[in-house]
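Before any comments, here is the structure.
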Amino acid sequence: MNQKRTYMRILGFIKPYRSLLVIAMVCMVMVSLLTAGQAYMLKPLVNEIFFNKDHFMLMVLPPALILLFFVKGIFDYSYKYLLQNVGQSVIRDLRNKLYGHIQSLSLSFFHKTPTGELISRIISDVTLIQGAVSNVLVGILKDTTTVIALIGVIFYLNWRLALISMVLLPIIVYPIVKFGRKHRRLSRKNQQTTAQVSNILYETITGNRIIKAFCTETYEKNRFGAMLDHLFLIIMRDTRIKAVSHPLMEFFAGIGIALVLWYGGNQVLNGVSTPGDFFAFMAALIMVYEPLKGLSKINSALQQGIAATERVFDILDIETDVSEKKEALELPVIRESIGFHNVSFRYDDKTMVINDVDLQVKAGEVLALVGSSGGGKTTLVNLIPRFFDVSSGSLTIDGIDIRDVTLKSLRKQIGIVTQQTILFNDTVKHNIAYGSPDATEEEIVAAARAAHALKFIEQFPEGFATVIGESGAKLSGGERQRISIARAILKNAPILILDEATSSLDTESEREVQQALENLMQNRTTLVIAHRLSTIRNADRIIVIQKGRIVEQGTHDTLLPQDGVYKMLHDMQFQNEAMQLNNAE
Ligand SMILES: Nc1ncnc2c1ncn2[C@@H]1O[C@H](COP(=O)(O)OP(=O)(O)OP(=O)(O)O)[C@@H](O)[C@H]1O
Ligand SMILES: [Mg+2]
């Protein structure tokens, strides 16, 4: 039942190409018929030319043979080309759909699913599906019709002899089935191990810095080596099976052919049958072997394909937990406020990370969030662009629930500098202009200048055209941070979220960037998270978050005298700074 649904869904992907597929199928049937025709032609060839010494036939048959090969070749080419065309189109569509779907899923999906696994779904599982689709189609259509046509020829030529060979057939087919099953089991193991190998590769290449820092090169080399040895053994076992199955089958086939030769030869010598009949018969019998082998592959291709298809559809069936309503509105530009109304939030089924937060952020206000690590500051601001949806309560902009508006109109209004800077392996220019494709050269330079990034960018030999490496690996932490600040500046959105935006900068550049950010904050609604309290002294309002609750709020000047959490955080930092100053002296 489940399998049937899987078939139907795959058929849905093939449907747009059905006319191509029908032509391919016709071509396949033609190839089968012409193959049988070739075998049959041996009969007149041997009888008329060699025994009856018919000169006319000698003129006719060789050109006819050439024609037959030629026509068969055209059909053979056509079906292979068309079938590949359909298969690759299905692959492309599936990958597009899968990728589009993955992009539409919420952040929590990406937190749960390992990157390596997603990549292997899109690359190798989809390829397996294509292999299955074309193998099965070729198997069912071409191989089956070829076998039927050839067996037809065999019976037509000599039904007695045909019956004898049919009895022998199972002996030859048995090893095909037997070994096929073993091969399938091993190839599944092979895939699993290959996936593990690529997982190790992915982790150890992206996390190479840690490997170096902890001197675990040998450990990782051994781990990888052990995995490769395991893979080697699996492949060699598979190779043994594949290598022994062919000679074994040929041996059995040889016995069969010897029997047929003996019996058929007798018939010819006794004048019951003609040599032409006999040769055509033998040819057809030998030719049956190839398509028979093809048929034996169908089942394993099918199983592999179904498993892969299910893995792919599993992902396609995941519904995003941050979805857009059908009748979603365009969110107008913020004019009044962002409102948190009794907002609570938890990741998965864990404990509440945000507890009953009630908060109004007035348009144009600079609101600072402080509090100890793990308190829920990042989580709270992540709710505004709907990276996650509130578990209870609601979040509004100018009184409109953000779940009622389109994601695009919401996110367009938000400029964000995240705690972990996220850059792409592209040029400085493209990283700054990411999401602002219409930005002019001047605007990009101006954004870089405002983020105090211009100086170091211009020092690169290739300037804005410098490629910054995977996740900006070729930049320092502070440089990376300034690029992502420039990106937010360029986006020029009315709501600004700065999550530890200047944490990687030294005091001097922090002061400079701070100046730029303060300019940027003018006329914008800003939520700024900072551990270094000196950077938020000028905020209009400071809220202190502990364990997902707002425990204090006010300005720097009203909070300090309260002798609460803010004062404690402030005093600790002040002591640290004083200590550092002392050490420096
Ligand atoms: N994706 C996630 N899945 C499950 N739990 C999470 C996830 N992200 C964060 N948490 C948990 O939520 C809590 C709040 O995390 P959050 O990142 O909001 O803290 P924070 O106040 O920003 O801390 P910091 O100052 O260190 O950045 C933490 O206890 C953390 O373990
Ligand atoms: Mg945080």
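Which residue, 507, 17, 447, has the largest displacement toward the positive end of the dipole of the chain when charges sit on each Cβ (Lys, Arg +1; Asp, Glu -1)?
It is 17.
Can you tell me the FRET efficiency between residue 455 and residue 372 if r is taken as the Cβ-Cβ distance and R0 is 30 Å, rounded to the nearest 0.05?
The formula returns an efficiency of 0.30 here.
Residue 111 versus residue 19, label points 7 Å from Cα toward the beta carbon: distance in nm?
With each label placed 7 Å out from Cα toward Cβ, I get 5.0 nm.
Between beta-carbons, use under 14 Å as the cut-off and find the net charge around residue 14, counting Lys and Arg +1, Asp and Glu -1.
For residues surrounding residue 14, the net value is +4.
Over 21 Å between C-alpha atoms is what I'm after, so list which of 350/547; 178/297; 15/80; 182/297; 189/242; 43/80 land there.
In this structure, 43/80 exceed 21 Å between Cα atoms.
Taking the Cα centroid of segment 527-581 and of segment 171-223, what is the distance between the two, rounded to the nearest whole Å?
Rounded to whole Å, the Cα centres lie 51 Å apart.
Round to the nearest 10 and report in Å² the accessible area of residue 358, as given by a 1.4 Å probe over the protein chains' heavy atoms.
Roll a 1.4 Å probe over it and residue 358 shows about 90 Å².
Can you give the FRET efficiency to the nearest 0.05 for residue 68 and residue 462, using r as the Cβ-Cβ distance and R₀ = 56 Å?
Result of the calculation: an efficiency of 0.35.
Give me the 1.4 Å probe accessible area per residue for segment 159-272, excluding ligands and nucleic acids, in Å².
Heavy-atom accessible area per residue stands at 69 Å².
Sort out for me the Cα centre separation of segment 227-253 from segment 270-295, rounded to whole Å.
Comparing the Cα centres of segment 227-253 and segment 270-295, I get a distance of 29 Å.
Want the number for residue 320 to residue 156: 0.36 nm per residue separation, take away the alpha-carbon distance, what's left?
Gain on stretching residue 320 to residue 156: 52.9 nm.
Counting only protein chains, not ligands or nucleic acids, how are 159, 262 ordered by accessible area (probe 1.4 Å), most first?
Ranked from most to least accessible, the order is 262, 159.
Whose amide H sits under 5 Å from the amide H of residue 416, counting only residues 5 or more places off or on another chain, with H placed in the peptide plane?
Sorted by chain and number, the residues that satisfy this are 497.
Which sequence of 547, 178, 72 reflects their accessible areas, 1.4 Å probe, from the largest down?
547, 178, 72
Would you compute, from DSSP H runs of 4+ residues alone, the mean residue ellipticity of the chain at 222 nm, taking -39500 (n - 2.57) per run and dividing by the full residue count, rounded to the nearest 500?
Calculated mean residue ellipticity at 222 nm is -21000 deg cm²/dmol.
Over the chain, what is the mean sequence separation of C-alpha contacts under 8 Å (at least six apart), divided by residue count, expressed as relative contact order in percent?
After rounding, I find 15 percent.
What list of ³J(HN,Hα) couplings, whole Hz, do you get for segment 331-340 from phi and the Karplus terms 6.51, -1.76, 1.60, once you set θ to phi - 60° and write x for glycine and proline?
The phi angles translate into 7, x, 4, 4, 10, 10, 6, 9, x, 9 Hz.
Report, in cubic angstrom per residue, the convex hull volume of the C-alpha atoms of segment 159-272.
97
Using the scaling law 2.2 N^0.38 Å as the reference, what is the normalised Cα Rg of segment 407-452?
Segment 407-452 yields a ratio of 1.23.
Extending each Cα 7 Å along its Cβ direction at residue 419 and residue 214, get the distance between those two points in nm, one decimal.
Result for the modelled spin labels: 2.1 nm.
Starting from the Cα of residue 224, step 7 Å along the direction of its Cβ; do the same at residue 523; then give the gap between the two resulting points in nm.
For residue 224 paired with residue 523, the spin-label model returns 5.4 nm.
Assigning unit charges at the beta carbon (Lys, Arg +1; Asp, Glu -1) and nothing else, what dipole magnitude in debye, to the nearest 20, does the chain show about its Cα centre?
For this selection, approximately 2780 debye.
Kindly report, to the nearest 10 Å², the accessible surface of residue 101 as traced by a 1.4 Å probe over protein heavy atoms only.
The accessible area comes out at roughly 40 Å².
Just tell me, in residue order, which DSSP H segments of the chain are both 15 angstrom or longer along the helix axis (alpha-carbon based) and at least 1.0 in mean Kyte-Doolittle hydropathy.
Answer set is 18-44, 126-137, 144-157, 275-287.
Rounded to the nearest 10 Å², what accessible area does residue 482 show when all protein chains are kept and the probe is 1.4 Å?
Counting only protein heavy atoms, the figure is 40 Å².
Ordering 408, 429, 182 by accessible area with a probe of 1.4 Å, largest first, what comes out?
408, 182, 429
Given a cut-off of under 8 Å on Cα pairs at least six residues apart, what relative contact order in percent is computed for segment 159-272?
51
Net charge near residue 324: determine it from the other residues with C-beta under 14 Å of the C-beta of residue 324, scoring Lys and Arg +1 and Asp and Glu -1.
In short, 0.
Please turn the phi angles of segment 396-408 into ³J(HN,Hα) values with the Karplus equation 6.51 cos²θ - 1.76 cosθ + 1.60 (θ = phi - 60°), one per residue in order, whole Hz, x for glycine and proline.
Karplus-based 3J(HN,Hα) across segment 396-408 equals 10, 10, 6, x, 8, 4, 5, 7, 9, 10, 6, 4, 5 Hz.
How are the Cα pair distances of the chain distributed, in percent, across 20 Å bins from 0?
Over the chain, the share of Cα pairs per 20 Å bin runs 15, 34, 25, 16, 9, 2, 0 percent.
Could you calculate the FRET efficiency of residue 473 with residue 441 from 1/(1 + (r/R0)^6), where r is the beta carbon distance between them and R0 is 35 Å, rounded to 0.05?
Working from the Cβ atoms, E equals 0.85.
Starting with the highest mean, order 319-328, 371-380, 502-511, 105-114 by the number of other Cβ atoms within 10 Å, averaged over the residues of each peptide.
The peptides rank, most packed first, as 371-380, 502-511, 105-114, 319-328.
What percentage of the solvent-accessible surface of the chain, computed with a 1.4 Å probe over protein heavy atoms, is contributed by carbon and sulfur atoms?
60
Would any residue of segment 309-349 have its amide N under 19 Å from a label point 7 Å out along Cα→Cβ of residue 401? List them or say none.
320-332, 337-346
The values are calculated or read from the model by the stated rules, or taken from the named source; none is laboratory data. From a predicted model like this one, the values you see are computed outputs, not experimental measurements. With ideal geometry, Cβ positions are generated from the backbone for all residues, glycine too; neighbour counts draw on all protein chains shown. Just so you know, the surface numbers come from the protein's heavy atoms only, side chains and all, with ligands and any DNA or RNA stripped out. Shrake-Rupley method; radii C 1.70, N 1.55, O 1.52, S 1.80 Å.
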